[in-house]
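A short reminder: the numbers here are calculations on the coordinates, not readings from a lab. The structure displayed is predicted, hence computed values, not measured ones. As a convention, Cβ positions derive from the backbone with ideal geometry for all residues, glycine included, and neighbour counts pool all protein chains shown.
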Protein chains: 2
Amino acid sequence: MTQDDATPPRRTRRGSGAVTLHDVAKLAGVAPITASRALNTPAQVSADVRQKVADAVARTGYVPNLLAGGLASRRSRLVAAVVPTISGPVFLETVQSLTEALAHRGYQLMLGQAGYGGTREDALLEAIIGRRPDGIVLTGILHSAEGRRRLLGSGIPVVETWDLTPTPIDMLVGFSHVEVGRAVAAFLQSKGRHRFGVVAGDDERAKRRVDAFVAATRALGLPEVAVVLVPAPTTLKSGRQALARLMARPGGRDAVGGDVAAPVAATRTRRSAARRGDPAPGEPALPRDIDAVFCSSDLLALGVLTEARVMGLRVPQDLAVVGFGDLEFAADLAPALTTVHIKGAEIGRQAAQFIVDRAEGRAVDPRVIDIGFSIVEREST
Amino acid sequence: MTQDDATPPRRTRRGSGAVTLHDVAKLAGVAPITASRALNTPAQVSADVRQKVADAVARTGYVPNLLAGGLASRRSRLVAAVVPTISGPVFLETVQSLTEALAHRGYQLMLGQAGYGGTREDALLEAIIGRRPDGIVLTGILHSAEGRRRLLGSGIPVVETWDLTPTPIDMLVGFSHVEVGRAVAAFLQSKGRHRFGVVAGDDERAKRRVDAFVAATRALGLPEVAVVLVPAPTTLKSGRQALARLMARPGGRDAVGGDVAAPVAATRTRRSAARRGDPAPGEPALPRDIDAVFCSSDLLALGVLTEARVMGLRVPQDLAVVGFGDLEFAADLAPALTTVHIKGAEIGRQAAQFIVDRAEGRAVDPRVIDIGFSIVEREST
DNA sequence: GTGAAAGCGCTAACAC
DNA sequence: GTGTTAGCGCTTTCAC
């Protein structure tokens, strides 16, 4: 690939052997800068030149070196996206639409996984900043303060997504997790339910929804909520285990910790000895009191639906189930899942818009967009 | 962000204002090249210099410009991955492990979505090649011959994955879809089933599995297979609809086309008028003869399981179901799904290894790795 | 072990 | 409209 061709090696460095703008320009009989303009700002160039350059490109198979272009123009046309993990399907839609919206405008997406822990975050940020992207899209919170500082210092446009923080780093498109928690509590109450359980991942945003949900039930004068946290990213399996746990718990107000899938913590409420009811499948474990479960993801909800069926619980008669995310499968489950719909694709598009506007020198007017959410009512409630 | 600092603007171009290697070198009292070596090849530099440079970096918050480094060294430390769509969860695991394995070695992943159609492919390839990545990872087939030519011509290392083509472009890590089809047919027969249905996405690789499956059943002397194709990417919904279709079909040997979710084509077998049985939920539609369904994805299989339950069919008693992919949820469904397991993460790791080896000048010994697959037997068969 | 010079391939800034 | 010049920030090459 880095073969020198016939010319004897000199003191000077040889290129990669690839066709450069120089070659194209020579073939077209113009100066390199003119060839550059013919390709990048065709309006500035005569039709004749445009044609000659186009021909030369076609003949040589020239592909512009965007690394060089980016270095010279200080515009890399690269955008970085940071997600906790790509396997949490919630962000997938956003990443997908982001990739598409960017590609459409000639930008490319660089993907980084920060993990839910926040340990790799700094190294990741350094790698990203080093590429001088035209923008960075963050999904979820940035854990380290050092990271925030670096980002700010780099001067790179940043879009935070999937959240509504009071102090955005730069631009933001998201929604309020607190509102989601409240809205779901109110919704379930309106359906005549009042003894709630929660199954949630232990990530920042899910916990915020849960806290708001719990606070709202208290404000409504409803019984204490039983909460089971499972490690993020959430899975069908942890959903099943969590429901089993919820149903097997001794009293009515205790969240029971245990070895659900790993670190499952009991939150808010006194802790009680983990006692496992282990109802055999088919032998219905009658719910002592919980008549509705709010899950922090649709996958978790699918697990809860599955376990409920195995336990002989009828959904929605015995138990109402609400998910979060409105993943593609939610509408087609049996029973169809009631869930919180987030316009993930819209978030991606809007983030792309923000960054491209900035990169191209346009002012970004409202720097914060609350994209909202909606509860999609289906059979499971 | 591009603020000039105190110095008055001259005729010459001003930098971005960011800290450069020059600044670090000056602060450390060495030549730029020495600072460069202290960072990149510390062994070539005295401990004293190493320390001084490290201090200067810490004091200034220097982040190397990898665009400039890449241009000069002809190594971008960028790797491009091309997937049909990121939302097909099958490749997710591969992309995830690829990202991680690369990040671990100081490489960054660029993501491109080619779509299942192959229309955006050429533009995507051009954008990718323009970045001069150190490698390109392809999942699934490259449709356009022009694309192949460009790739070959670019001299960039290429790893094809998730398939075993007879004529790889460069390197490859995958498995045989033909073998999968055969193995599943043999497996189902060994379970005492013999009237098979297939529900599959209409993408290249799925079709190859289906063809092999059908051929194998013929070779085994079994009845003709009823095939329903659904558009890729596959969904739970299309799985449900496809099973309904399969069960409602008039004879026993006909694949029935129709408006399942869009272009659902009837393959191999005579076509019959699409007649919709639409059995009301709860009112079991007795399977006339199909006793096993092979699905081209686990999501499809989940749809089939769901629809079977709604129809009152017992799995596995009335109907055996086999999926493909062994997604995380497969093991925890009720009934747990028998499926074809692919080591997706291993594919990603191996691809990263290939590319990094190449980029760092090491020879890649076997350029083709057949990573195999396995049938994971669970409750659904 | 360290440095000076010369680019990597492209575009911004001025000319004309 | 087109060309000249001087870099973007780094690393290679060669010399000491």
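Taking first residues from the stretch A:110-139 that are at the interface with chain B (Cβ under 7 Å from one of its Cβ atoms) and over 19 Å from A:L172 (Cα atoms) and partners that are surrounded by fewer than 18 Cβ atoms within 10 Å (Cβ to Cβ) and not aromatic (F, W, Y), the Cβ contacts under 6 Å between residues at least 6 apart in sequence or on separate chains come to A:Q113/A:T85. Among residues of the stretch A:311-330 being free of Cβ contacts under 8 Å to residues at least 60 places away in the same chain and not in a loop (DSSP other than H, G, I, E, B), the one that is nearest to A:V178 (Cα to Cα) is A:G323. Give me a count of the residues in the stretch A:43-78 that are more than 10 Å from chain B (Cβ to nearest Cβ), within 30 Å of A:H143 (Cα to Cα) and away from DNA strand C (no atom under 14 Å from the Cβ). Total meeting the criteria: 0.
Going by what's in this entry, would A:A242 be described as in contact with a Leu (Cβ under 8 Å, 6 or more places away or on another chain), hydrophobic (A, V, I, L, M, F, W, C), outside any strand (DSSP E or B) and surrounded by fewer than 18 Cβ atoms within 10 Å (Cβ to Cβ)? Criteria not met by A:A242. Among the residues of the stretch A:93-106, those that are facing another protein chain (nearest Cβ under 9 Å) and buried (at least 22 other Cβ atoms within 10 Å of the Cβ) comprise A:E93, A:V95, A:T99. Taking into account only those residues within the stretch B:25-42 that are of a type in the set (A, V, I, L, M, F, W, C) and more than 14 Å from chain A (Cβ to nearest Cβ), which is farthest from DNA strand C (Cβ to nearest atom)? So the residue we want is B:L27. When you scan the stretch A:188-204, do you find a residue that is without any contact (Cβ under 8 Å) to a residue 24 or more places away in the chain and polar (S, T, N, Q), even just one? Within the stretch A:188-204 (the criterion being without any contact (Cβ under 8 Å) to a residue 24 or more places away in the chain and polar (S, T, N, Q)), the answer is yes, since at least one residue qualifies. Just name the residue that is nearest to the chain's Cα centre (by Cα) out of those in the stretch B:141-162 that are among the polar types (S, T, N, Q) and more than 14 Å from every other protein chain (Cβ to nearest Cβ). Top of the filtered list is B:T161.
Of the residues making up the stretch B:14-64, just one is hydroxyl-bearing (S, T, Y), in contact (Cβ under 8 Å) with a residue 40 or more places away in the chain and not in a loop (DSSP other than H, G, I, E, B), namely B:T60.
Yes or no, residue by residue, for (1) touching a helix residue (DSSP H, G or I) at 6+ places or on another chain (Cβ under 9 Å); (2) within 14 Å of another protein chain (Cβ to nearest Cβ):
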| site | (1), (2) |
| --- | --- |
| A:F294 | yes, no |
| A:G312 | no, yes |
| A:A334 | yes, yes |
| A:L337 | yes, yes |
| A:A345 | yes, yes |
| A:G348 | yes, yes |
| A:E360 | no, yes |
| A:V368 | no, no |
| A:V376 | yes, no |
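Can you confirm whether B:G197 is farther than 30 Å from B:A123 by Cα and part of a strand (DSSP E or B)? Yes; evaluated as a whole, the condition is true for this residue. Residues of the stretch A:51-107 that are within 18 Å of the chain's Cα centre (by Cα) and of a type in the set (S, T, N, Q): A:T85, A:S87, A:T94, A:Q96, A:S97, A:T99.
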